[in-house]
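What follows draws every value from the coordinates through simple rules; no lab data is involved. These numbers come from a predicted model, not from an experiment. Every residue, glycine among them, receives a Cβ derived from its backbone with ideal geometry; neighbour counts consider all protein chains shown.
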Amino acid sequence: MSYVLGLRCRECGRNYPPEVLFVCEYCFGSLEVIYDYARIRKVLTKEKITKRPKNLWRYRELLPLNKEPITGFFSGFTPLIRARNLSAYLGAKEVYLKDDSVSHPTLSFKDRVVAVAISKAKEFGFNTVACASTGNLANAVSAQAAFCGLRSFIFIPADLELAKIVSTLIYGAQVVAVEGSYDEVNRLCAEIASRYHWAFVNINIRPYYAEGSKTFGFEIAEQLNWRLPQHIVVPVAGGSLISKIWKAFQELYKLGFVEKPRTKVYAAQAQGCSPVVTTIKENSEIIKPVRPKTIAKSLAIGNPADGYYAVSVVKESKGWGEEASDEEIVEAMRVLAETEGIFTETAGGVTLAVTKKLLAQKIIPKEESIVICITGNGLKTQDAVIPQLKKLWHIKPTLESFMETLKEHT
Ligand SMILES: *Cc1c(COP(=O)(O)O)cnc(C)c1O
Ligand SMILES: [Zn+2]
């Protein structure tokens with residue numbers, strides 16, 4: 001049972017049937033899934049959601065499937081943590097972490113979008129799935145394709161972190177390393193998608209893929225007992241997550257589950273790749289593509305597909321944008337680990353570093369509630385922090401050796 005009415009162009013508003021389409025043939029605007037909220041309102045209640053299994057399909061009326069999902073049964077419903085130690089460090093009153101660094105099965109928020117995209121690809125009858133990826137999407141597509149018995153082709157920039165390559169190859173995917181930036185990989189994939197009958201999760205079935213991001217926002221509301229935070233700081237790569245968190249809040253409002261959203265939404269990017277934040281700060285609407293140079297490789301998209309919508313959401317919500325240098329990113333990764341015991345990847349370092357700056361600039365008042373989005377796991381980007389870690393003590397397997405070393409250091 002589906003509540004999808006169809007696809008709609010985000011620019012000119014033309015309607016399309018819910019098929020394998022992603023751009024408007026009249027104006028080249030991107031297409032978005034639209035739902036029959038009046039009907040959803042009649043069948044869906046907060047109580048009903050709360051009783052369902054703790055995975056992303058508990059919001060399935062608001063997701064674009066016609067048939068039963070085939071993957072994602074343990075994805076989503078990640079912890080929302082009241083971060084008291086971090087609050088003290090930041091001098092802020094009420095800080096929460098939405099922690100997708102422990103997402104099943106591949107330790108990033110991309111498990112959500114891929115669960116939706118692969119279920120939809122199967123509905124459409126594809127037997128090969130593919131993606132252009134900065135790393136985490138590669139992991140999620142290859143793992144879930146393996147689980148669903150689909151073939152997968154994964155296109156990545158050749159300079160990706162080793163851990164992200166290994167944790168794609170292990171599932172049997174064919175990985176194609178392209179000598180170029182992510183934006184060049186993406187352009188190539190758009191050409192490949194027009195020639196082969198493959199589902200590129202973030203290209204030709206992108207409208208469905210992107211809907212999976214909403215579950216991150218739904219969960220935050222539910223886990224705050226159907227209240228919305230006053231501020232949310234979101235890492236931005238292609239701009240899907242940030243725009244869909246906002247859509248999720250609006251949908252919950254339409255269904256009468258939360259008050260009118262007043263949450264201010266902040267875009268967090270790395271200094272070496274901040275096309276969205278730059279546009280926000282310049283109060284412009286036109287995204288100028290950049291050539292990325294940052295350790296936050298999962299966010300290194302210089303020409304973001306949904307960049308324009310990311311900027312619009314920030315403006316509409318009266319939020320702002322800020323960027324973090326590579327040093328600030330690594331420092332924030334350490335702070336999160338040392339205060340809350342959470343090892344996030346570079347992208348999480350970006351969001352925390354940006355939150356700290358926004359508090360220091362008093363753009364976020366310290367007594368208001370803040371959700372910081374932690375979207376990936378630190379085991380995948382170890383290279384970034386290794387030079388900053390404490391030195392090991394090397395000893396002989398004797399008590400004397402240990403005691404001597406301890407004395408030397410105290
Ligand atoms: C993909 C990704 C994001 C957000 O990506 P969008 O393209 O903006 O939706 C954030 N954090 C991590 C770790 C990611 O892999
Ligand atoms: Zn259009």
Margin query: Whole angstrom only: what separates the Cα centroid of segment 134-203 from the Cα centroid of segment 204-280?
Written below: 25
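Before anything else, pin down the relative contact order of the chain: Cα pairs under 8 Å, at least 6 apart, normalised by residue count, whole percent.
In percent, rounded to a whole number, it is 15.
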Item checked: For the chain, built as a Gaussian network whose Cα springs stay under 10 Å, the top-fluctuating residue of Pro18, Pro387, Pro105 -> Pro387
Check: Using the alpha-carbon centroid of each, what span in Å lies between segment 304-364 and segment 58-124?
Finding: 18
Next item on the list: Evaluate the relative contact order of segment 221-335 (contact order divided by residue number), counting alpha-carbon pairs under 8 angstrom at least 6 apart; express in whole percent.
Entry: 31
Check: Going by alpha carbons, how many degrees (0 to 90, nearest 10) lie between the helix axis of 240-254 and the longest principal axis of the chain?
Finding: 60
Check: Can you list the HN-Hα couplings for segment 59-73, worked out from phi with the Karplus curve (6.51, -1.76, 1.60; θ = phi - 60°), rounded to whole Hz and with x for Gly and Pro?
Finding: 10, 5, 4, 9, 10, x, 9, 9, 10, 5, x, 10, 7, x, 5
Checklist line | Choice from Leu389, Leu352, Leu107 with maximal GNM fluctuation in the chain (Cα, 10 Å cutoff) | finding: Leu389
Next item on the list: Can you tell me the 0 to 90 degree angle between the C-alpha axis of helix 307-316 and the longest principal axis of the chain, rounded to 10?
Entry: 90
Next item on the list: Check segment 162-265 and count each lysine pair with an alpha-carbon distance under 23 angstrom, considering only pairs eight or more places apart or from different chains.
Entry: 11
Checklist line | Neighbour-limited loop hits for chymotrypsin sites (Phe, Trp or Tyr not before Pro), segment 1-85 (at most 10 other Cβ within 10 Å; DSSP other than H, G, I, E, B) | finding: Tyr26, Phe28
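Nearest 5 is fine: what % of DSSP beta bridges in the chain come out antiparallel, could you say?
Values: 14 of 44 bridges.
Counting DSSP beta bridges with both partners in the chain, the antiparallel share is about 30 percent.
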Item checked: Projected area, mean over directions - the chain, Cα convex hull, nm² -> 21.6
Check: Hey, what's the Kirkwood Rh for segment 139-229 if you take every pair of different alpha carbons, in angstrom?
Finding: 15.0
Next item on the list: Please build a GNM for the chain, connecting alpha carbons under 10 Å apart, and tell me which residue among Ile280, Ile386, Ile70 fluctuates the most.
Entry: Ile386
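Tell me which trypsin sites (Lys or Arg not before Pro) from segment 341-410 have a DSSP coil assignment and no more than 13 other beta carbons within 10 Å of their own.
Numbers: sites: Lys356, Lys357, Lys362, Lys366, Lys380, Lys390, Lys391, Lys407; in loops: Lys362, Lys366, Lys390, Lys391.
Sites meeting the loop and neighbour criteria: Lys362, Lys390, Lys391.
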Next item on the list: Express the Stokes-Einstein translational diffusion coefficient of segment 84-174 in µm² s⁻¹, to the nearest whole number, given a Kirkwood radius over alpha-carbon pairs, 37 °C and a viscosity of 0.692 mPa s.
Entry: 229
Item checked: Loop-located trypsin sites (Lys or Arg not before Pro) in segment 26-77 whose Cβ has at most 15 other Cβ within 10 Å (DSSP) -> Lys54, Lys67
Check: Relative contact order, percent, of segment 1-121 when contacts are C-alpha pairs under 8 Å separated by at least 6 residues?
Finding: 20
Check: Once the Cα atoms of helix 326-340 and of the chain are each reduced to a long axis, what angle between those two axes, in degrees from 0 to 90 to the nearest 10, is obtained?
Finding: 80
Next item on the list: Rounded to the nearest 500, what is the 222 nm mean residue ellipticity of the chain from helices alone, with -39500 (n - 2.57) per DSSP H run of 4+ residues and division by all residues?
Entry: -11500 deg cm²/dmol
